[in-house]
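Structure first, then comments.
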Amino acid sequence: MKTKITKLSAALTMLSVAQFSPASETPAASPDALLLTQVQIVDVDQQTIRRGAVLVKEGKIAAEYSAPPANFKGQTLDLNNRWLIPGLIDMHVHAFGNRAPHAKSDFAGTEKIAQRVLYAGVTGFVDLFGHEQGLINARQQQRAGAFLGADIYSSLSCLTAPKGHCTEYGLKTRTMSTPEEAITQVQSLAKAKPDVIKVVYQPSDDQPSIDKATFAAIVQQSKQLGIKTIVHLKTWQEVRDALEVGATAFTHIPGTPIPTGLADKIANAKMVVIPTMTVHTDLTDFLFDKTVIAPELLQAMTTPAIIAGYQSEETMKKWGDREAKWRKQDAQRTANLAALVKAGVTVLVGTDAGNYGTIQGYSVHREILKFTQAGMTNWQALAAATTRSGSFLGIDNTLQTGAQAAL
Ligand SMILES: [Zn+2]
């Protein structure tokens, strides 16, 4: 409860808003009540902006008023006509920290990352593979109120083939070769209450992959247990297979042109896409665009060494001649995303932060920008970063009365 209020405070302080000021005439009746006045409430789903006041109580939106109620007993914060939006959610991260080419890694850890990204307006993220027990502990401690920060959601593990993708990082993960093994693993993982199930399915890749029958068994068993599946894949054929077995979502976006008609099939099946445009395309801008690595927000998100790594001499020696080639590939991915957007597919913001070309927190803003470059309206991009992700995770972050106060 208190966590949410303090989180709000941190996010607002980030916007250089004045600190809490006790209401002058009356003593606070509830230490948990906070009235936000002179707010422009950005209603992402209604696509409208209202002026008013918002009461936050016990971690939830308790009421909305067109004018602040008289004799309010509690703390007030005058937002002076600033916009209020639901907190941003990153649907695909590895929250151990940040890595960059030719730079000492920033192994901040899940707890510190959760605290840091709040400064970037990110109030929730989904970790799609790290240290299983570490993630269980971090999530549990946070939910018990031991530390503040963006809300941690996680797949806890990564279901993959022996020696398949996810096994190369030196972390223990769950591997399987048959549908029977898959069912056992899903049932065992479910005991730890993963927020989603992460599956690696990429028979096209050099690394070993689970086969289609094993893939189908994972999806089916997860469905029976009421857990959504997010599939890491590489090609449009793998997307077709994911449609066939009924996966909830896929993550990453293939680099070859999307086959005719496939976007409509994805839309009709209501399959969700988390394209992670930043991890695919932002390395280009991190290397070749000075303005992308300049913002103050970025400086607050990671170490100077990580930022310096992107345009260092060594990095440029290795990749300095790649810009034209990479930009061409990036444009193809943008065109693919544009086809999905045009077909009305539900596309969610996820960065794959933890990998090259991404910075935890900062890249969420980059991903939103890239969505608009692929044809989303600003309203659609905002929804993709907030309420659409909330509804995928089964949380109400709409700013309506009763919604969680992650702002
Ligand atoms: Zn990932």
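Assorted remarks:
- Summed over the stretch 112-141, the residues that are closer than 20 Å to Met301 by Cα and either more than 16 Å from the ligand (Cβ to nearest atom) or part of a helix (DSSP H, G or I) (or both) give a count of 14.
- Test: Ala242 is more than 23 Å from the chain's Cα centre (by Cα) and open to solvent by less than 30 Å² (accessible area, probe 1.4 Å): no
- The single condition from (1) of a type in the set (D, E, K, R); (2) touching a strand residue (DSSP E or B) at 6+ places or on another chain (Cβ under 9 Å); (3) in contact (Cβ under 8 Å) with a residue 24 or more places away in the chain that Arg143 fails is (3).
- Search result, residues across the stretch 79-111 that are within 16 Å of the ligand (Cβ to nearest atom) and in a strand (DSSP E or B): Ile89, Asp90, Met91, His92, Val93, Asn98
- Looking across the stretch 229-248, the residues that are of a type in the set (A, V, I, L, M) and more than 19 Å from Lys342 (Cβ to Cβ) come down to Ile230, Val231, Leu233, Ala242, Val245, Ala247.
- Scanning the stretch 252-275 for residues that are in a helix (DSSP H, G or I) and free of Cβ contacts under 8 Å to residues at least 12 places away in the same chain yields a single hit, Asn268.
Here is a yes/no grid of residues against (1) crowded, with 23+ Cβ neighbours inside 10 Å; (2) assigned by TED's automatic domain parsing to the domain that holds Ser177; (3) at pLDDT below 95; (4) outside any helix (DSSP H, G or I):
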| residue | (1), (2), (3), (4) |
| --- | --- |
| Ala192 | no, yes, no, yes |
| Val199 | yes, yes, no, yes |
| Pro208 | no, yes, no, yes |
| Ala213 | no, yes, no, no |
| Ile218 | yes, yes, no, no |
| Ser222 | yes, yes, no, no |
| Gly226 | no, yes, no, yes |
| Ile230 | yes, yes, no, yes |
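- Test: Lys325 is open to solvent by 30 Å² or more (accessible area, probe 1.4 Å), closer than 30 Å to Gly226 by Cα and either basic (Lys, Arg) or at pLDDT 95 or above (or both): no
- From the options Leu382, Leu369, residue that is hydrophobic (A, V, I, L, M, F, W, C), open to solvent by 30 Å² or more (accessible area, probe 1.4 Å), free of Cβ contacts under 8 Å to residues at least 24 places away in the same chain and away from the ligand (no atom under 16 Å from the Cβ): Leu369
- Checking each residue of the stretch 302-313 against the condition of being open to solvent by less than 20 Å² (accessible area, probe 1.4 Å), within 16 Å of the ligand (Cβ to nearest atom) and not β-branched (Val, Ile, Thr) gives no match.
- Being farther than 24 Å from Gln224 by Cα, crowded, with 19+ Cβ neighbours inside 10 Å and within 23 Å of the chain's Cα centre (by Cα) is a property that Cys166 has.
- Any pair with Cβ under 6 angstrom, 6 or more apart, that starts in the stretch 62-89 at a residue that is basic (Lys, Arg) and ends at one that is open to solvent by less than 50 Å² (accessible area, probe 1.4 Å): Lys73/Thr26
- Qualifying residue in the stretch 276-296 (condition: within 16 Å of the ligand (Cβ to nearest atom), in contact with a Pro (Cβ under 9 Å, 6 or more places away or on another chain) and assigned to a helix (DSSP H, G or I)): yes
The values are calculated or read from the model by the stated rules, or taken from the named source; none is laboratory data. All figures in this text were calculated on a predicted structure; none of them were measured in a lab. With ideal geometry, Cβ positions are generated from the backbone for all residues, glycine too; neighbour counts draw on all protein chains shown. When the accessible area is computed, the model is the full protein with side chains, heavy atoms only, and any ligands, DNA or RNA have been set aside. Shrake-Rupley method; radii C 1.70, N 1.55, O 1.52, S 1.80 Å.
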